[in-house]
Amino acid sequence: MSSVKKFSHPMLSRTVADIFEQLEHKITPGSTYGQLFYSTSLAFTDPNTTQEKNILVKLCGYGSAITALIESHVYLVSGRLIPLNTKSTPVFHYDSNTIIDLGESAKFTQSLCDKATVIGLGIVVSKKEINGQESSSGSTTPILQVVLQHTDYDPLAKAQVQFQTIYNIGSRKNLANTFGLFQLGREIMISGNIVGYAEENFMWIVSAISVSVTSGHQSSLSQPSQQSNKAQPYTRRPGLISIEDSSTAKLSPAFVEPTAKLGSVVNLGLNPEPSALDPTPVTETASDNYYQTVASTSGKKRTKKAILADAKKALKQ
């Protein structure tokens, strides 16, 4: 069990956070440093309505009153996203050393929709092909929907936790031929941006931009935000959803946290072809081995008598 605890498969993230509420800080009496908490949101385009949707997120960082964030200000933050697959508010643990103050919220009018980026390192626990966005010709591009299991240390729980995230592969041309890389139990790193949230199983949906297979591995559906021709009153957080207050979300059996160890192959809600998961090893026959056809160049050991005989022949010549 001690070896399992050493695994670290984090979900690193960067986003522009609008601080609209300062929560109660946890600072030990007599100390000037502690955990600082704020309310913000992550925005994306709803694939069903093509409208902006915001998910309430708790922003958490370690610092003091001097480094505290200011309410009604916008910041560029980077850190680790730990969204447990439960009916609880996702937590973004930001690094106070990389904070950039972008000014007051009222003066920052740029859209934050689909701007949160992710670099996720995890283990493939599920995959399935779905139909992508329909083109002008009526054809659809296949999308591989991959579920990665992440493992990270939660500073609030003071324990290692596991959570899962959905990654859509294939929305970009450079990823069209990468489906074969995603084998169950394999360690993969995917970078992309957040484009949705699956409320039925409490998972973020990420549209992949690049994919990398680690050297030590174990064996977007949403459309871009479109501007309306009709002028609408500007709202910073349209369609804000609090996961804790939602009563419609139910855990889907398709993405239940696996009980197998990290090194084992896990199949959750998918029946892939046996040949894709357990390929038959190819054995090499003797005729195919080139090195067996090469004659040995090592000579036999010469006796003392043979050496003297050769020397006499050389003198006579």
Problem set entry | Whole-Hz couplings from phi, Karplus 6.51/-1.76/1.60, listed for the stretch 177-191; x for Gly and Pro | 9, 9, 4, x, 6, 8, 10, 4, x, 7, 8, 10, 10, 10, 10
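Given R₀ = 30 Å, what would the calculated FRET efficiency be for SER105 paired with GLU199, taking r from the Cβ atoms and rounding to 0.05? Provide the component values of the computation, followed by the final result.
On the way: r = 26 Å, r/R0 = 0.88.
Approximately 0.70, to the nearest 0.05.
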For this session: Over the residues of the stretch 27-69, compute the C-alpha Rg and express it relative to 2.2 N^0.38 Å.
Result: 1.74
Seminar exercise, completed: Rounded to whole angstroms and listed largest first, the alpha-carbon spread of the stretch 1-146 along its three principal axes comes to 64, 51, 27
Seminar exercise, completed: Here FRET efficiency (C-beta to C-beta, THR67 to THR117, R₀ 30 Å, nearest 0.05) is 0.80
Problem set entry | Amide H contacts of ASN201 (H built 1.01 Å from N, under 5 Å, at least 5 apart or other chain) | SER252
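Whole-Å semi-axes of the stretch 87-165's equivalent ellipsoid, largest first, each the root of 5 times a Cα gyration tensor eigenvalue? Before the final figure, lay out the partial values.
Values: eigenvalues 189, 128, 20 Å².
Rounded to whole Å, the semi-axes are 31, 25, 10.
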Problem set entry | Farthest toward positive dipole pole in the stretch 1-159 [+1 Lys/Arg, -1 Asp/Glu at C-beta], among PRO90, ILE119, SER8 | SER8
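Taking neighbour counts of Cβ atoms within 10 Å as a proxy for exposure, in what order, fewest first, do LEU144, LEU76, LEU308 appear? Working shown, then result.
On the way: LEU144 22, LEU76 14, LEU308 10.
Least to most surrounded, the residues fall as LEU308, LEU76, LEU144.
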For this session: Determine, from the Cβ-Cβ distance of GLU129 and LEU156 and an R0 of 41 Å, the FRET efficiency 1/(1 + (r/R0)^6), rounded to the nearest 0.05.
Result: 0.65
Exercise. HN-Hα J couplings of the stretch 80-87 from phi, Karplus 6.51/-1.76/1.60, θ = phi - 60°, integer Hz, Gly and Pro as x?
Worked result: 10, 9, 10, x, 4, 7, 9, 7
Exercise. In what order do ILE190, ILE66, ILE82, ILE119 fall by count of nearby beta-carbon atoms within 10 Å, going from fewest to most?
Worked result: ILE66, ILE119, ILE82, ILE190
For this session: Arrange the peptides 35-47, 18-30 so that the one whose residues have, on average, the most other Cβ atoms within 10 Å appears first.
Result: 35-47, 18-30
For this session: Rounded to whole Hz and in sequence order, give me ³J(HN,Hα) for the stretch 13-19 from the Karplus expression 6.51 cos²θ - 1.76 cosθ + 1.60, θ = phi - 60°, writing x for Gly and Pro.
Result: 8, 9, 7, 9, 9, 9, 7
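Here, each number is a calculation from the coordinates, and none is a lab measurement. Bear in mind that the values here come from a model prediction, so they are computed numbers and not experimental data. Neighbour counts run over all protein chains shown; Cβ positions are idealised from the backbone, glycine included.
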